[in-house]
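The values are calculated or read from the model by the stated rules, or taken from the named source; none is laboratory data. Given the structure is predicted, the values throughout are model-derived calculations rather than measurements. For neighbour counting, all protein chains shown are included, and Cβ atoms are generated from backbone atoms with ideal geometry for every residue, glycine included.
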């Protein structure tokens with residue numbers, strides 16, 4: 001067993017000792033997505049800093065804790081806030097939580113994020129199900145020696161975003177009369193928001209939204225053979241689309257505006273995915 005495998009197992013064992021069930025479904029909450037925590041029953045909270053080998057999240061709007069409990073009677077594992085590459089962490093630390101989920105028995109992973117809308121047909125508050133991504137960071141969490149116990153050397157990414165899970169999300173959106181866009185997400189490192197020229201590049205390359213997360217988690221999830229659904233909230237129009245500056249406050253304000261329909265959507269989605 002490699003040192004990294006030992007790190008994964010030590011973290012998973014620490015969590016097992018605190019949690020009375022084995023989750024099959026996990027949810028990662030991006031900026032502003034914590035409204036779903038209002039539906040959590042009998043939560044067991046574990047701050048990231050208490051888990052062996054984990055680093056803490058430092059971003060406003062990210063609680064930085066594992067929460068295990070039930071939503072709508074379904075047992076679930078929730079990462080309340082994620083760890084970002086731009087915080088200065090190695091990508092193996094950024095994606096360690098996904099490895100821990102796999103070790104805990106998770107089979108399906110729902111990732112959420114706040115994103116800037118590149119597609120001018122989108123509006124702030126729209127939800128987008130990711131169909132694909134473009135990695136513009138020049139790096140990858142799987143760079144380095146491959147651990148065959150965790151996954152194959154060259155994982156297939158042709159269907160990184162599970163079509164069946166996406167169809168379930170679309171059915172929930174229709175049921176609740178909620179607009180659910182579909183599109184391509186471009187990952188850039190941040191923490192600066194993109195320039196207008198970078199947004200023109202993103203649009204030319206086929207991106208519908210841009211953001212600073214999610215893609216490394218998807219790569220590692222697929223390496224570990226987890227099924228993935230990823231959802232973005234268009235919290236703002238990307239740089240250059242509107243003549244106004246971009247702020248994190250705008251991101252959180254938009255998420256607060258859509259909290260009621262998003263909360264109902266996620267609760268129903270958990271019910272169908274469990």
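Pairs only if they're at least six apart or on different chains, beta carbon under 9 angstrom, first in the stretch 194-210 and touching a residue at least 40 places away in the same chain (Cβ under 8 Å), second in a helix (DSSP H, G or I) and buried (at least 18 other Cβ atoms within 10 Å of the Cβ); list them, first residue then second.
Partner pairs satisfying both residue conditions: 194/202; 207/199; 208/202; 209/202; 210/198; 210/199; 210/202.
What about residue 11, is it touching a residue at least 12 places away in the same chain (Cβ under 8 Å), touching a helix residue (DSSP H, G or I) at 6+ places or on another chain (Cβ under 6 Å) and assigned to a strand (DSSP E or B)?
On the way: touching a residue at least 12 places away in the same chain (Cβ under 8 Å): yes; touching a helix residue (DSSP H, G or I) at 6+ places or on another chain (Cβ under 6 Å): yes; assigned to a strand (DSSP E or B): no.
Answer is no for this residue.
Pick out the one residue from 230, 202, 209 that is modelled with pLDDT of 95 or more, in contact with a strand residue (DSSP E or B) (Cβ under 9 Å, 6 or more places away or on another chain) and either farther than 27 Å from residue 97 by Cα or surrounded by fewer than 22 Cβ atoms within 10 Å (Cβ to Cβ) (or both).
202
For residues that are modelled with pLDDT of 90 or more and closer than 30 Å to residue 116 by Cα, scanning just the stretch 32-52, find the one that is nearest to the chain's Cα centre (by Cα).
Among those residues, the one meeting the criterion is 48.
Inside the stretch 105-126, can you point out the residues that are modelled with pLDDT of 95 or more, surrounded by fewer than 22 Cβ atoms within 10 Å (Cβ to Cβ) and touching a helix residue (DSSP H, G or I) at 6+ places or on another chain (Cβ under 7 Å)?
The answer is 108, and nothing else.
Out of 55, 28, 44, which single residue is in a strand (DSSP E or B) and either touching a helix residue (DSSP H, G or I) at 6+ places or on another chain (Cβ under 6 Å) or under 23 Å from residue 252 (Cα atoms) (or both)?
Exactly one residue qualifies, and that residue is 28.
Can you find even one residue in the stretch 168-178 that is under 24 Å from residue 91 (Cβ atoms) and assigned to a loop (DSSP other than H, G, I, E, B)?
Checked against the condition, which is being under 24 Å from residue 91 (Cβ atoms) and assigned to a loop (DSSP other than H, G, I, E, B), the stretch 168-178 yields no hits at all.
Would you check which residues across the stretch 152-175 are more than 20 Å from the chain's Cα centre (by Cα) and surrounded by 13 or more Cβ atoms within 10 Å (Cβ to Cβ) and list them?
Within the stretch 152-175, just 171 meets the criteria.
What are the residue pairs meeting all of these: first residue in the stretch 114-126, first residue touching a residue at least 24 places away in the same chain (Cβ under 8 Å) and on the phi > 0 side of the Ramachandran plot, second residue part of a loop (DSSP other than H, G, I, E, B) and buried (at least 20 other Cβ atoms within 10 Å of the Cβ), Cβ atoms under 8 Å, and 6 or more apart or on different chains?
Pairs that qualify, where the first residue is touching a residue at least 24 places away in the same chain (Cβ under 8 Å) and on the phi > 0 side of the Ramachandran plot and the partner is part of a loop (DSSP other than H, G, I, E, B) and buried (at least 20 other Cβ atoms within 10 Å of the Cβ), are 125/258.
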